[in-house]
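These notes concern the structure reproduced below.
The values are calculated or read from the model by the stated rules, or taken from the named source; none is laboratory data. Predicted model only: the values in this text are computed from it and were never measured. Virtual Cβ from ideal backbone geometry, glycine too; neighbours counted across all protein chains shown. Quick note on the areas: whole protein, heavy atoms, side chains included, nothing else; ligands and nucleic acids left out. Shrake-Rupley method; radii C 1.70, N 1.55, O 1.52, S 1.80 Å.
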Amino acid sequence: MLPPETGLDAWLRYAPLSETLRSQHKQLSHIVALSDGSADPVSVAGQELQEGIRKILGHSLTVSSRHDGASSDSAIVVGTVSAFQKSGLSAAVQSLPALEEDGFWLDSGDGNGAHIVGQNERGALYGAFEYLSLLAQGKLASATVRKAYNPGASIRYVNQWDNLDENCPHGSIERGYGGKSIFFRDGFVLEDLSRVRQYARLLASIRINGCIVNNVNSSHELFNETNLEGLGRIADAMRPYGVRIGVSLFFDTPRGLAGLPTSDPLDPAVVKFWEDLTAKLYKRIPDMLGYTIKANSEGQPGPLTYGRTLAEGANMFARALKPHGDGIVMYRAFVYNHHLDEADLKNDRANAAVEYFAHLDGEFEDNVIIQIKFGPIDFQIREPPSPLFAHLRKTPVICEFMVCQEYLGQQSHYVYMAPEWETILGFDMRIDGKQSLVRDIAGGKVHGWKRSGYAAVTNVGDDSTWLGHHLSMSNLYAYGRLCWDATEPAQDILLDWIRLTFSAENSTVIDTIRDIGMESWPTYEAYSGNLGIQTLCDILYTHYGPSPGSQDGNGWGQWTRADDKALGMDRTAATGTGNAAQYPPEVAARFENIETTPDDLLLWFHHVPYTHKLKSGKTVIQHFYDAHYDGSQNAQTFPKRWASLKGLIDDARWEHVAFKLAYQAGHSLVWRDSVNNFYLAKCGIPDEKNRVGNYRWRIEAESMQLEGYEVVDVTPREAASGGRAVVASSPTKATATTRNPFPTGKRDIAVNYYDHTGGHARYEILVDGKVVGQWTGDLDTRLLHAFSEHVDGHSATRVYFRGVEVKEGAEISVVGYPDGKDKAPLDYISLLPEGVVD
Ligand code: GCU
């Protein structure tokens, strides 16, 4: 049996290679880490090589900091170019290809030692991790690597949305689904930063060089004396891994912390406040990378609050940073009015970034970088790239992704997002009629920027899985890899991650997880939101479960404009919001015209009747129905395919993933039925295949004989089968009973119930008085996504009891034992013939 694993080491487990592969590696003599210190990236590289080689190959090597001539021929030497030169190893670095900042040269040797040469110390560490990655995947057993590696972008950052929680003891993370903060608790930086150190190790291994440690919705308490010291400790913990830290600022800090009457960026006292604070920060963190700023967005104050331009605000911070080094302002383009009037057909949140920022190009200090979310709205299941990428020429940009799956199942569903990111990175904006891929814009190539690149909202937490789901770590891994080389195919990256995380050599493991991973995004898109309509989750609450109606009728601007005849946003210049025209002419023309708009973005750009025919020949509404059936059907195969890996990976991780995939399969059916029934009710056009609204094997709880249960209307209606469910009116026990109306046979009994916060109700299901299943509604403590307090599309879930013999006419009862606010809610049961999904 394989030893249990927690996930803490993620892809840095250094699992032993098989004896066959091990035997193909010659014994190395020792490791030389050309370093003067003990906590610098090069010495960390030495220790990492030592540990990795011991675990992967079983070779125990010593680490020395000096190279001693001939006996070093079979050593691994790691260091910077200049350290190589100083150590008498000039020959090894004499004719190296050009190395850029953070780049490295790797010569894995032909069994006789290796050279890992960094342009700087960080590069040397990256090289060590690359060597170990190749070794752990068995890729060095029969091949020698001699190669220069250079970054495709200089900015490769992660953003943590960790809260200070000064008023409540939590350690919460905004949109975090992997446990509590590893940085903050109860208003202060944590004393024990060991997880921060481990996080920095993971980040360095994927060549991430910066971490913004706190929520973009920041707090002025970040800068009290205790926290300034704490931020210094965070920087100290991450520095040995070459990860620099930055902080997110609260714009009104001068008022909040220093009691100034204003936070006006042109007010001399405000300017001085930020200068002083910046000086203090640099005193403790001399290599601070800079400030992230969310201002005039979603209720946050900003320069516009004080009658100043966004550039005037950004520049104030930029000037405060300048005297101290190379610090940058990462000014977020996520500025929009969240009280937009939907009745005005010209209004469009997707237009906001260009409207707020395009005309300011040229007005920013040279250390201001505009951080743009990859799409115009907000990390939806599918978006076109933000048009702002085509407007800024003088001001460098950061393309912002989201590793945590806020709108994509919050790590209770698995979605490998690199294929979605690929569609953005490879999109050609055709600036000035020339090829201008988003990845070349962000990488600085198109406009010749030195500093630009990527940031991703990662939101790891203190759960040992980091993100709450072992498989979701493929997203963090892929993000780092794409920052470095945005041309790498998502599938290649996934394969490396699988080999490192689960098995380097077992093809069943590798192929199965690859298939689940590569299918996961299209699958989730199919059962959540199709044709560019966005993820149809509840945008007014937790952004998790289905609630298509929540998109409209409010000021947030994530509208679908669905009525009884048509749906989709008309973003054309001719009749709509004009958003299509924000793109350069060739792209604008493509999106303006319904014929040339790809189907997967049809409803993003066009308002069409439900009966509009797609390029596939299907109508929009039938596509919705079919996609939701196909997607949820495929999600049912994930746990089955995962089951085939039992014993091939350790039980601890296997069980955790099996649990999550089984939950996802059940919730995908909630998605299917909610979305399909919502649109059926809207447009009245039936499903050609007669599935939507017809559930042959289903028995509604409200139609059962109830004792201690009462019938309730569920909001939104489509979150319950038939719009209604039952909840216990009795505080102790409630029973719903029915008789099997179907012929005798083996059944997979599915029970759809609701699991929300406020208690852990228990349930039993009995057939003819015999208990055939029992469970507890405790998913809120096991799944880690943002949980609902209500009976709704977030809390709706399914449990199965398979292969139960049920006689025709048998008495079937579900007994609920309520607990606190959890009134053992029940939606329906399905008595499915084996193999039927419904
Ligand atoms: C989303 C998210 C918020 C976040 C915001 C941002 O709207 O739901 O929690 O604050 O993005 O990026 O600033």
Pop out the ³J(HN,Hα) list for the stretch 230-242 in order, Karplus 6.51 cos²θ - 1.76 cosθ + 1.60 with θ = phi - 60°, rounded to Hz; leave Gly and Pro as x. x, 4, x, 5, 4, 4, 5, 5, 8, 4, x, 9, x
Angle between the Cα long axis of helix 651-683 and the longest principal axis of the chain, 0 to 90 degrees, nearest 10? 60
Only helical DSSP H runs with n ≥ 4 go in: add -39500 (n - 2.57) per run for the chain, normalise by residue count and round the 222 nm mean residue ellipticity to 500 deg cm²/dmol. -9000 deg cm²/dmol
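Restricting to Cα pairs below 8 Å that are 6+ residues apart, what does the relative contact order work out to for the chain? Please round to a whole percent.
Taking the mean separation of contacting Cα pairs over the length of the chain, I get 10 percent.
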Global geometry of the stretch 675-824, whether rounded, prolate or oblate, following the gyration tensor of its Cα atoms and the 1.5 cut on a/c: oblate
The stretch 427-586 - accessible surface per residue (Å², probe 1.4 Å): 28
Could you pull out every residue, at least 5 positions away or on a different chain, whose amide H is within less than 5 Å of the one on residue 154? Hs are placed 1.01 Å off N in the peptide plane, and Pro or chain starts have none. 452
Can you pull out the chymotrypsin sites (Phe, Trp or Tyr not before Pro) in the stretch 568-653 whose DSSP state is coil and whose Cβ has at most 12 other Cβ atoms within 10 Å? none
Collect residues whose amide H, placed 1.01 Å from N in the peptide plane, falls under 5 Å from the amide H of residue 290; neighbours closer than 5 in sequence don't count. 247, 328
Write down the percent of antiparallel bridges among all DSSP beta bridges whose residues are both part of the chain, to the nearest 5. 60
At 1.4 Å probe radius, can you tell me the per residue accessible area of the stretch 1-86 in Å²? 48
Low-density loop positions, GluC sites (Glu not before Pro), the stretch 795-838 - DSSP coil, at most 11 other Cβ in 10 Å: 808, 834
Starting from the Cα-Cα distance between residue 110 and residue 262, subtract it from 0.36 nm times their residue separation and give me the gain in nm to one decimal. 48.2 nm
Two pseudo-spin positions, 7 Å from Cα along C-beta at residue 1 and at residue 60, lie apart in nanometres by 2.9
For residue 398, the residues 5 or more places away or on another chain with a placed amide H closer than 5 Å to its own amide H are 370, 371, 372, 453
Cα to Cα, under 27 Å, and not fewer than 8 places away if on the same chain: which lysines meet these conditions relative to residue 613? 346, 565, 682, 689
Nearest 0.05, what FRET efficiency do residue 630 and residue 507 give at R0 = 35 Å with Cβ-Cβ as r? 0.80
Output ³J(HN,Hα) for the stretch 377-383: one whole-Hz value per residue in order, computed from phi by the Karplus curve 6.51 cos²θ - 1.76 cosθ + 1.60 with θ = phi - 60°, and x for Gly and Pro. 9, 6, 6, 7, 4, 8, 9
In degrees rounded to 10, the 0-90 angle between helix 268-284 Cα long axis and the longest Cα principal axis of the chain is 70
The stretch 311-452, relative contact order [Cα under 8 Å, separation at least 6], %: 19
Once you place label points 7 Å from the Cα toward the Cβ at residue 744 and residue 640, how far apart are they in nm? 2.8
Between residue 778 and residue 808, what is the FRET efficiency for a Förster distance of 45 Å, r being their Cβ-Cβ separation, to the nearest 0.05? 0.85
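Counting only protein heavy atoms and a 1.4 Å probe, tell me what percentage of the chain's accessible area is made up of carbon and sulfur.
C and S fraction of accessible area: 49 percent.
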Chain lengthening between residue 688 and residue 764 when straightened (0.36 nm per residue, less Cα-Cα): 23.6 nm
DSSP loop GluC sites (Glu not before Pro) in the stretch 87-161 with at most 16 other Cβ atoms within 10 Å of their Cβ, which ones? 100, 101
Round to the nearest 10 and give me the degree value, 0 to 90, for the angle of helix 490-501's Cα axis relative to the longest principal axis of the chain. 80
How far is it, in nm, from the label point at residue 224 to the one at residue 586 when both lie 7 Å from their Cα along the line to the Cβ? 5.6
